[in-house]
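All remarks here apply to the structure that follows.
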Amino acid sequence: MSSDAPARKGYRPGALEFLAGALLLLIIGQRWLVGFFDDPALQTGATIFVSIVVQALPFLVMGVVLSGAIAAFVPASFWRKALPRRPALAVPVAGAAGAILPGCECASVPVANGLMSRGVAPAAALAFLLSSPAINPIVLVSTYVAFPGEPLMVVARLIASLGAAIVMGWLWLRFGKAEWLRVGPRDHLTGDNPWHTFRLTTTHDFLHAGGFLVVGGLAAAALNVLVPQDWLSAVADNPLLSILALAALAVILCICSEADAFVAASLTEFSLTAKLAFLVVGPMVDLKLVSLQVGTFGRRFAFRFAPTTFVVAVLASVVVGWWLLT
């Protein structure tokens, strides 16, 4: 046998195998684990966590399936043909298109990079980057289900998110500089054919977003159980502090937008406007998105774009919340 022959790679388990193994261990050890939940506080926390995950999971699945279909079957050239030639007009059109062609936060950065590399104006691509994970149909329906007694929350989320995305696009058009933005080849999961790409993308996005959903559910349960109620009440009773607190929490938790409404709805101590800030900021500015922006567009872009987006998203939440939710 020739020494030049490529070495055969051994089998390496991936994220899906690890997830299946963890679920198997939970099933086998469920009787042993039940004893840890005799404490009433733990039982309450477990109930909150399970209710969040169970309610959010169907919307998460629908969201990643739609995102995978778009990545596999909708060419980036479609956008260049569909958008107006004038960037100032292309920005609101691209922002509104987020309601038609949804995508998750994880895919929004490489998709925007692909749009720019194919000739779409950066301002329009950035407006789509911000709006797509925030106002797509799956997100709006999940928000309606999470807030059954507050239908205006869906309208408020749509208006505030779309408004923030359009404003950011126009701000980049007016003040952005080409040297701040690094546009490279489209970096996304690509298979041998569209169906292979669809399978790779949906599997990756589900495992990635599902992990953040679990983290978000655990954080919401911990806030409701471990943090003293008088502390939460003190923050929640201060209108400005409550808004900033939930906006900052959205940045840290990195919850998928298809599931974040259920986490927000569980924070019962906080006002609707503070919850709106959580829902508007999260899909636009969180730690994983900032890291993706740094890796794709460069630090000079991300360290300017992300803080500005945070401020614009919070201001949009305050204005729309005062208008519709108070």
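Suppose R0 equals 41 Å. What FRET efficiency, 1/(1 + (r/R0)^6) with r the Cβ-Cβ distance, do residue 86 and residue 222 give to the nearest 0.05? Show your work: numbers first, answer last.
Working: r = 49 Å, r/R0 = 1.19.
Plugging the Cβ-Cβ distance into 1/(1 + (r/R0)^6) gives 0.25.
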Inset, instruction - Describe numerically, in nm with one decimal, the distance between label points set 7 Å from Cα along Cα→Cβ at residue 141 and at residue 61. - result: 1.3 nm
Legend entry - residue 214-residue 42 pseudo-label distance in nm [points 7 Å out on the Cα-to-Cβ vector]: 1.8 nm
Legend entry - region 246-285 versus region 137-164: alpha-carbon centroid distance in Å: 12 Å
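FYI, it's all coordinate maths here, none of it is from the lab. Since this is a predicted model, take the numbers as computed values, not measurements. FYI the Cβ positions are ideal-geometry reconstructions off the backbone, even for glycines, and counts take in every protein chain you see.
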